[in-house]
Structures are given as structure tokens and as C-alpha cells.
Amino acid sequence: MTGCPANLRAYKTTPRFTAVTVPVALTQSHQTKAGIWGQIRVLDGILHLTRFDETGQVAAEEAIAAGDSAFVHPEEPHSVALDDDTAFQVTFLREDDQAATCERI
């Protein structure tokens, strides 16, 4: 899924990660907490996003280019792989009844 529900609000953004600075945990299967969405924004290069199903098998693979983003569902197992020139950030979002639209940071 590339979009997100209308009632989400951003509350935290990671630093800019590159192939050199990306935490190893992000390159392995991991997930957000219950109720937390992640918006992966690619700043430079191409990021490879792999989504896993409930059995740990690859469910989908996406190549996300600079200027584009993808949303990760709460508790959705996924991993990222970066090309040498890739840079990205992750913005975390949670439900907020006062939010009128999904904020795009």
C-alpha cells in the first residue's frame, strides 16, 4: 500500500540514513509497533523495500526512487536495501482523531 488512512499525524522523523549510516536492524526483517505507520521517504538514489507475509516469506518487493515514498503498515514485517548513493528518512505516524488528512512530511 502506498497511501495511508486520513487520520494519521507525524510524530517523529529519523535522521538521514545512507548506505554507510543505515542501522543494520533496518536491513533485516523488522516491524513498527501496533498502531504505528512508517513513511519511508527516499531522498537520493533508489531504496529497495521488501515486505514479508505472516510466515516470513517475501510478499512484495518495491524499488523506490528519490522523491518518492512508501508507507509501511503497523506491525508489517519489512526490510530495506540501499544502493551506494541512496539516502532516506523514515517518518513515524500514529492515529490522531484531530488530523484531517494524512500528513506528508
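Evaluated against (1) under 26 Å from Asn7 (Cβ atoms); (2) surrounded by 15 or more Cβ atoms within 10 Å (Cβ to Cβ); (3) more than 13 Å from the chain's Cα centre (by Cα), Gly45 falls short on exactly one condition, (1). Within region 51-71, residues that are open to solvent by 70 Å² or more (accessible area, probe 1.4 Å) have Cβ atoms under 7 Å from residues that are among the hydroxyl-bearing types (Ser, Thr, Tyr) and assigned to a strand (DSSP E or B) in these pairs: Val58/Thr50; Glu61/Thr50, counting only partners at least 6 apart in sequence or on another chain. Counting only strands (runs of 3 or more DSSP E) wholly contained in the chain, the ones carrying 3 or more residues that are in contact with a helix residue (DSSP H, G or I) (Cβ under 7 Å, 6 or more places away or on another chain) and at pLDDT 95 or above occupy 78-82.
When the residues of region 80-94 are narrowed to those that are out of contact with any Gly (no Cβ under 8 Å at 6 or more places or on another chain) and surrounded by fewer than 18 Cβ atoms within 10 Å (Cβ to Cβ), which ends up nearest to Arg16 (Cα to Cα)? Restricting to residues being out of contact with any Gly (no Cβ under 8 Å at 6 or more places or on another chain) and surrounded by fewer than 18 Cβ atoms within 10 Å (Cβ to Cβ), the top hit is Gln89.
The values are calculated or read from the model by the stated rules, or taken from the named source; none is laboratory data. It should be emphasised that the depicted structure is a prediction, and the values quoted were computed from it without experimental measurement. Ideal geometry is used to build each Cβ from the backbone, glycine not excepted, and the neighbour counts take in all protein chains shown. For accessibility, only protein heavy atoms count, side chains too; no ligands or nucleic acids. Shrake-Rupley method; radii C 1.70, N 1.55, O 1.52, S 1.80 Å.
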